[in-house]
Structure formats: C-alpha cells, structure tokens
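Visitor: Dropping the structure in here first, questions after.
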Amino acid sequence: MALAGKSKQDVVSEFRCAEILAAARKVFATRGFSDATVDEIASAAGIAKGTVYLYYPSKRDIYLAALKHGLLELQDRTRATMHAAEGIRAKLHAFIRTRIEYAEANRDFIKIYHSEFGNLANANVSDSEFQQLYLKQAKMLEGVLQDAVEKGEIRQIRTDFTGYIIYDMVKGVMTQRLLGWSGGGMEEDIQLLNDLVWKGITAS
C-alpha cells in the first residue's frame, strides 16, 4: 500500500534513489569523484547501470544528489534538536552534539562533505544552491546568538561572525575525528568544545 499522498511509483522511486545515494557515498568516499565510476556505484547498490541512469543522468548528478541529501538531513536534524533545547547553552550543546554524532554515524558522507566544503576558496561547489546550503548551516546559530545577546544571556558579540567561528570549530572536530587525530572519545570531545564555546561567548 502506498504512503498517504504518494503513489506506489513514487515510493519505489524514493527507495531506489536512497539505495543509489547510499552506495554512491561509499564509493565516492573510497575512490574520490574522479576515480569513481557509475559501474561501481551500480554494483554497490546491487542494480544495473542502466537503472542508475534512469534516476541520475551523470556521475556528477549522482555526486551532487548524494551531497545535497546529506546536507539537508544534517541541517534538519540540527535544526530540530536546537529547537527542542531550552536556553542558549542547551541550544549550542545541541548544535555541537548533533553534528558530531552525525559525523560519527555517517563517515562516508562526511568525507564527501569535507572534500567539497573544506576550503570554500578552492571548492568545486559553484552551484548557488549548494552555497546557500552551506550558508544556512553556518547561519543557523546567528539567530539564537542574537536572541541570547538581547536577553543578556551572553556578552555583546558579533553574532554573524561568531556563528561562523563556532560552525568551523565543530567542523574541525568532525575532521579530527574522521582522520583519527583526536586523542579523546566522542563525549570528551563534545564536552571540551562545548566548554570552549561557552566560555568564549560569556567571558567578559
């Protein structure tokens, strides 16, 4: 039985796309974009190469779809956990924890993500849609920081600039853990970063 509002064909298409993108993340993370092939992605997904092309016209389309899917999922999870948290400190902790936990559970996507967004000055992300997705993630903090400043919960800061700094600090921890360079456990890293951020925005 099809889900409410969706035809059986819609459900099958969504399932097939999810299979392809999951396989693509693994292949791209292991092989890189240049060396990966659609044949490898099809094989990893357990489907015919021609089936892949029914949904995505090119390897680049598959790559961008995999990147967008992960970005939107991470963005939605982060927004939901921050919205559920009460107070600026809890919201910041939710931002940090959600993203680091997601990185731990989705290492294949994080490898692709950092390949594209690790250095925006030289990034391949020329599509304005992906630039906006990046900016939305970084700006997610600005509103809560500004609200906290107005309520006197934190000191007067440049909330836009601070939002980017916190975003990049979290991304740095995600990278450190991905590369195996962190000497601590996940909980220790989350708490350390949370303490550093909090002291930085509350110190007079």
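Every read-out reported here was derived from the displayed coordinates using simple, explicitly stated rules and does not represent laboratory data. Being a predicted model, the structure only gives us computed values, none of them experimental. Backbone-built Cβ (ideal geometry, glycine too); neighbour counts: all protein chains shown.
Visitor: Using a basic spin-label model with each label point 7 Å from the Cα along Cα→Cβ, how many nm lie between Lys8 and Thr202?
Guide: Going from the Lys8 label point to the Thr202 one covers 5.8 nm.
Visitor: Here is a further query. In the set (1) 130; (2) 155; (3) 119, which value of volume of the Cα convex hull per residue in Å³ was calculated from the structure you see?
Guide: (2)
Visitor: Evaluate the distance, in nm, between pseudo-label points positioned 7 Å from the Cα of Glu150 and of Phe33 along their respective Cα→Cβ axes.
Guide: About 3.9 nm, to one decimal.
Visitor: While we're here: Suppose the chain between Ser182 and Cys17 were pulled fully straight at 0.36 nm per residue; how much longer would it get relative to their current alpha carbon spacing?
Guide: 56.0 nm
Visitor: Here's another thing I want to ask about it. Hydropathy at least 0.0 by Kyte-Doolittle, axial extent at least 27 angstrom from the Cα trace: which helices of the chain, defined as entire DSSP H runs, fit?
Guide: Within the chain the helices that satisfy the rule are 159-179.
Visitor: With each run of n ≥ 4 DSSP H residues scored as -39500 (n - 2.57), what mean residue ellipticity at 222 nm is computed for the chain after dividing by its residue count and rounding to the nearest 500 deg cm²/dmol?
Guide: -26500 deg cm²/dmol
Visitor: Who wins for biggest fluctuation among Ala84, Ala42, Ala29 in a Gaussian network model of the chain, springs between alpha carbons below 10 Å?
Guide: Comparing Ala84, Ala42, Ala29 in a Gaussian network model of the chain, the most mobile one is Ala84.
Visitor: I'd like the GluC sites (Glu not before Pro) in the stretch 1-89 restricted to DSSP loop residues with at most 14 other Cβ atoms within 10 Å, sorted by number.
Guide: Passing both the DSSP loop test and the Cβ count: Glu86.
Visitor: Scan the stretch 122-204 for trypsin sites (Lys or Arg not before Pro) in coil per DSSP, keeping those whose Cβ has at most 11 other Cβ atoms within 10 Å, and list them by number.
Guide: Passing both the DSSP loop test and the Cβ count: no residue.
Visitor: Here's another thing I want to ask about it. Rounded to the nearest 20 debye, what is the charge dipole size of the chain about its Cα centre when +1 sits on each Lys and Arg Cβ and -1 on each Asp and Glu Cβ?
Guide: 120
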